[in-house]
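Comments concern the structure below.
The values are calculated or read from the model by the stated rules, or taken from the named source; none is laboratory data. These numbers were taken from a predicted model, which means no experiment stands behind them. All accessible areas refer to the heavy atoms of the entire protein, side chains included, with ligands and DNA or RNA removed. Shrake-Rupley method; radii C 1.70, N 1.55, O 1.52, S 1.80 Å.
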Amino acid sequence: MEYFVGIDLGGTNIKSGVVDGNGKPLSKLSVTTPAESGPEAVMQAMASAARQATAAAGISMSQVTGIGMGAPGPLDLEAGVVRSAPNMAGWIDVPIRRRVSELLGQPCVLENDANAAGFGEYWCGAGRQLPNVKHLVMITLGTGIGSGIVINGEVLHGTYTMAGEAGHVIIVPGGRQCACGQRGCIEAYASATNTAKRAIEAVQAGGKTTLAEAFKGRVDQITSKDVFDHAKAGDKFATQIVDETGYYLGILCVNICRFFDPQMIVFAGGMIHAGDHLFDIIRSSFADNTWTVVKDHVQIVPALLGNDAGFIGAAGVAWNEKRQGRLK
Ligand SMILES: [Zn+2]
């Protein structure tokens, strides 16, 4: 059996674990990211987490075939370098692949964290629910909207590793301002944060809703979960906000199908725990807006790996590099 270590580097936590060649996790752990101590301390913590993960799995580092790392972008994948990391001080052109490989004495692979999570769902999460899935797109609904695109079993990177930025697909030309500088991106409407923000703005504009009563004097504290809860309880205003989020996500799915024709579109992130209701709206928006010339067979489903998708997928990327003869 081959063993791979996955390391998911986040601004707050480093998650790591050992995954075998069949995609089965054998250990997992999480340590605090010493972000304020600079890149060298963080890479030492990553190596230490990987060593703990192998010990917890009952194997030695010498039995590990390869190590996959998921990191926030922008990255230079060919050089194995983190160009900058928005939430961590001092991260400019850090040669993370070379350094972590040096510390652990095993070959390392670097991947964007959202892509790694998408690969994880493809390799041993939602992608296993259907036979022979080769093309899968994962959309993560959080503060923003992230995505990972797997085509023919490989992560799609594009020219500058910028492919798979589905959150910045423009869905309303000239629409809401997005943090990226564009207007009308789907992220500006349908991320968890912006679903809440649309509700907050509408309450502040005098919308009649149970949210206004429940959050009197602290309207800016409304979260996407609150909006979903009030919609579930029958509030018309909250229902409309939720419907809009689902509507836009359904349109995004149509556009994804036109580009990639995937077998699956997988949604991840806290907002999917709103459950069947959100998926019902997304699927019905998809059905209302997709073409009619041929039947769509795409499955629109929730992610299965939760917060483990990052490290499992990072290990999976190393597994795939080995399989393709590219691990060095
Ligand atoms: Zn944008």
Over the chain: Rg over Rh, Cα atoms, Kirkwood Rh: 1.00
For the stretch 48-124, what is the accessible area per residue in Å² when the probe is 1.4 Å? 38
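Can you give the helix-only mean residue ellipticity at 222 nm for the chain, where every DSSP H stretch with n ≥ 4 adds -39500 (n - 2.57) and the sum goes over all residues, rounded to the nearest 500 deg cm²/dmol?
Value at 222 nm, helices only: -12000 deg cm²/dmol.
Per residue, how large is the accessible surface of the stretch 211-323? Use a 1.4 angstrom probe and give square angstrom. Walk me through the numbers before you get to the answer.
Values: 5500 Å² over 113 residues.
That works out to 49 Å² for each residue.
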In degrees from 0 to 90, rounded to the nearest 10, what is the angle of the helix 113-124 Cα long axis to the longest principal axis of the chain? 80
Nearest-ten-degree value, helix 192-204 long axis tilted from longest Cα axis of the chain: 30
Residues whose placed amide H lies under 5 Å from that of Gln299, excluding near-sequence neighbours: Met264, Ile265
Under a 5 Å amide H to amide H cut-off, with H placed in plane at 1.01 Å, what residues pair with Val169 once short-range neighbours are removed? Ile186, Glu187
With Cα coordinates, the longest principal axis of the chain makes an angle with the long axis of helix 309-323, in degrees rounded to 10, of 50
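Quick check: with the 1.4 Å probe, what order do Glu2, Glu121 take by accessible area, largest first?
Working: Glu2 70, Glu121 0 Å².
Greatest to least solvent exposure: Glu2, Glu121.
Could you calculate the contour length gain from Tyr160 to Ser48, that is, 0.36 nm times the residue separation minus the distance between their Cα atoms, to one decimal place in nm?
Between Tyr160 and Ser48, full extension yields 37.2 nm more.
Distance check, please: which entries in Lys225/Lys295; Lys208/Lys232; Lys134/Lys197; Lys28/Lys322; Lys24/Lys322 exceed 26 angstrom between their Cα atoms?
On the way: Lys225/Lys295 34 Å; Lys208/Lys232 16 Å; Lys134/Lys197 36 Å; Lys28/Lys322 22 Å; Lys24/Lys322 17 Å.
Checking Cα-Cα distances, Lys225/Lys295; Lys134/Lys197 exceed 26 Å.
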Rounded to the nearest Å, the spacing of the alpha-carbon centers of the stretch 299-328 and the stretch 168-211 is 32
Run through every distinct alpha carbon pair of the stretch 71-162 and return the Kirkwood hydrodynamic radius in angstroms, one decimal place. 14.3
Taking H placed 1.01 Å from N in the peptide plane, check which residues at least 5 places from Ser84 or on another chain put their amide H under 5 Å from its amide H. Asp93
Net lengthening on full extension, Cys180/Phe259 (0.36 nm per residue, minus Cα-Cα): 26.2 nm
How much length is gained on full extension from Thr32 to Lys225, taking 0.36 nm per residue of separation minus their Cα-Cα distance? 66.8 nm
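Sorted by accessible area with a 1.4 angstrom probe, largest first, how do Thr193, Thr65 fall? It would help to have the intermediate numbers written out before the result.
On the way: Thr193 65, Thr65 30 Å².
Result, largest first: Thr193, Thr65.
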What's the Kirkwood radius of the stretch 121-251 in Å, using all Cα pairs? 16.2
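Using only the Cα atoms of the stretch 205-324, build the gyration tensor, take square roots of its eigenvalues as a ≥ b ≥ c, and label the shape rounded, prolate or oblate: rounded if a/c is under 1.5, else prolate if a/b is larger than b/c, else oblate.
Oblate, because a/c is 1.5 or more while a/b does not exceed b/c.
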Keeping all protein chains in position, work out how much accessible area Leu327 exposes to a 1.4 Å probe, and write it in Å² to the nearest 10. 40
